[in-house]
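Reading through the structure tokens given below for one structure.
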Amino acid sequence: GTGSVSFVTAADVDVTFTPGSPLSYVVNSGTTIARGQTIGGTVRGDTVDFHMVTAAGVVDAVLQVDALVTATTASATGNGIRLFADSPDASVDIEINGEWLSGGTIGIETGGDLQASAALTGSAVEIFTGGTLVVDDLTASNGGIFLDGAGVTTGNLSANGGDISLSALGNILTGNLTSLLRLGVGGGIDAQATGTITLGALDAGADIAIDALQQVTTGAINARGALSVSTVLGAGADVRFLGDVAASDIFIEASGDFVGAGLTARTGNVVVGGLSIAATDVRANRGAVTLTAADSIVTTSVIANGVNPGDGTITIRSTGGGA
């Protein structure tokens, strides 16, 4: 219906209701009955909250939301669907098996694992987990998508008017990522991981930045801004593009090998460094091309078109005497 809907799992809760104002509550102590808390059916309200707090000593706490959840009139700047799960000395895992639709932000925070098997759609999507984060397709209709976990696995991600930002202490694995510029805001894609990063096709209205300690693999890339990919802090970490790449500028630093298809810098330079370089067509429409490797460098063609003084240069160098 209308108004706020709140599901609170705890032992001691103070609830305040003021006519004309959103429902508010304060959790004073967590519950010891925390295993297998399940919410099903259909949940509909202006805003929807799920709040689970367990007491000390509770282990293997799980909050399972199987319902179709809709926040009907939450504004892009107001509360949408919020889920918070916490425990003093143990993680709380979350399972979401129903679709979530919100006119406001979808916000989720837990110290445990999160698994969502249905699509989540909000003006923005923000998810923080202390454990692994596994979600299906996510859509931000008027903002960005921010995901942070010990490991991040997703379906397709789409943001309109905000950035897509992914951060993991482990690996990142996603479907296709689309980040659209809206009224001059958003459009960027950023991914950082201490493990591997494996992404689908990338379409960005602004810059793309990817940093990993291990191998980076992506599909085709189309960026209206610059593309920057680095694995230099890792040891022998490859960078592999499985499709053509186009951006305003392209800057790639691999501690391992670089393997790519076509590389096109629309208005700037192409700079690639790695143990070895294998690419097809390499083109800088209004800049320079620099390829540097310790070992071999293999390309089909290299083109640099100069517009300003200093443009149009091609530098290809093997520091280790490779072919």
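The values are calculated or read from the model by the stated rules, or taken from the named source; none is laboratory data. None of the values given here were measured: they were computed from a predicted structure. Note that each Cβ is placed from the backbone with ideal geometry, even for glycine, and that neighbours are counted across all protein chains shown. To get the accessible areas, we keep the full protein, side chains included, count just its heavy atoms, and leave off ligands, DNA and RNA. Shrake-Rupley method; radii C 1.70, N 1.55, O 1.52, S 1.80 Å.
Computed quantities for the displayed model
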{"read-out": "Amide H contacts under 5 Å for ARG82, placed H, 5+ residues apart", "value": "VAL48, ASP49, PHE50, GLY107"}
{"read-out": "Percent of beta bridges antiparallel (DSSP, the chain, rounded to nearest 5)", "value": "5 percent"}
{"read-out": "Accessible-area value, ASP93, 1.4 Å probe, nucleic acids and ligands omitted, Å²", "value": "50 Å²"}
{"read-out": "Per residue solvent-accessible surface (Å²) - the chain, probe of 1.4 Å", "value": "42 Å²"}
{"read-out": "The stretch 183-323: C-alpha gyration tensor shape, a/c 1.5 cut-off, then a/b vs b/c", "value": "oblate"}
{"read-out": "Accessible carbon and sulfur surface of the chain relative to its total accessible area, %, 1.4 Å", "value": "51 percent"}
{"read-out": "Rg followed by Dmax, in Å, when the stretch 110-261 is reduced to its Cα trace", "value": "14.4, 41"}
{"read-out": "Calculated semi-axes √(5λ) of the Cα gyration tensor in Å (choose from (i) 26, 25, 24; (ii) 46, 21, 13; (iii) 31, 25, 17), label", "value": "(ii)"}
{"read-out": "For ASP136, residues with placed amide H under 5 Å, excluding near neighbours", "value": "ALA116, ALA118, GLY155"}
{"read-out": "Extension gain, ILE316 back to ASN97 (0.36 nm per residue minus Cα-Cα distance, nm)", "value": "73.6 nm"}
{"read-out": "For VAL27, net neighbour charge (Lys/Arg +1, Asp/Glu -1) across residues whose Cβ lies under 13 Å away", "value": "-4"}
